[in-house]
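K.L.:
Sharing a structure below in structure tokens format, with a few things to ask.
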Amino acid sequence: MKMTIGEKMARLREQAGKTAEELADYMKMNVETYVKMEDDFIYPNDNQITRLGKFYGMSYQEVLDVGEE
């Protein structure tokens, strides 16, 4: 089954040893909004995907590539 973008965001954050609060601060948003993205209630926009890529040293496309779990 394919992983969602929110699941990928959560997995990357956990692998980096970061909290949702730390990522929300980096993304310049409140933690509730960030958590909604990880829970797939809100889809990140282009700027947010680019910012996540910079944080993790990934390209825009690598952030979007969810593949199989």
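K.L.:
Take the residues of the range 25-53 that are basic (Lys, Arg) and surrounded by 13 or more Cβ atoms within 10 Å (Cβ to Cβ): which is nearest to residue 2 (Cα to Cα)?
P.N.:
36
K.L.:
Tell me which residues, restricted to the range 1-24, are among the aliphatic types (A, V, I, L, M), within 22 Å of residue 67 (Cβ to Cβ) and surrounded by 14 or more Cβ atoms within 10 Å (Cβ to Cβ).
P.N.:
3, 5, 9, 10, 12, 23
K.L.:
Select, from 21, 7, the only residue that is assigned to a helix (DSSP H, G or I) and without any contact (Cβ under 8 Å) to a residue 40 or more places away in the chain.
P.N.:
Going through 21, 7 in turn, just one is assigned to a helix (DSSP H, G or I) and without any contact (Cβ under 8 Å) to a residue 40 or more places away in the chain: 21.
K.L.:
While we're looking at this one, here's another question. Return the only residue of 63, 35 being within 11 Å of the chain's Cα centre (by Cα), on the phi < 0 side of the Ramachandran plot, of a type outside the set (Gly, Ala, Ser) and at pLDDT below 95. First the steps, then the outcome.
P.N.:
Details: 35 fails: at pLDDT below 95.
It is 63.
The values are calculated or read from the model by the stated rules, or taken from the named source; none is laboratory data. In this text, all values refer to a predicted model and were calculated from it rather than measured experimentally. As a convention, Cβ positions derive from the backbone with ideal geometry for all residues, glycine included, and neighbour counts pool all protein chains shown.
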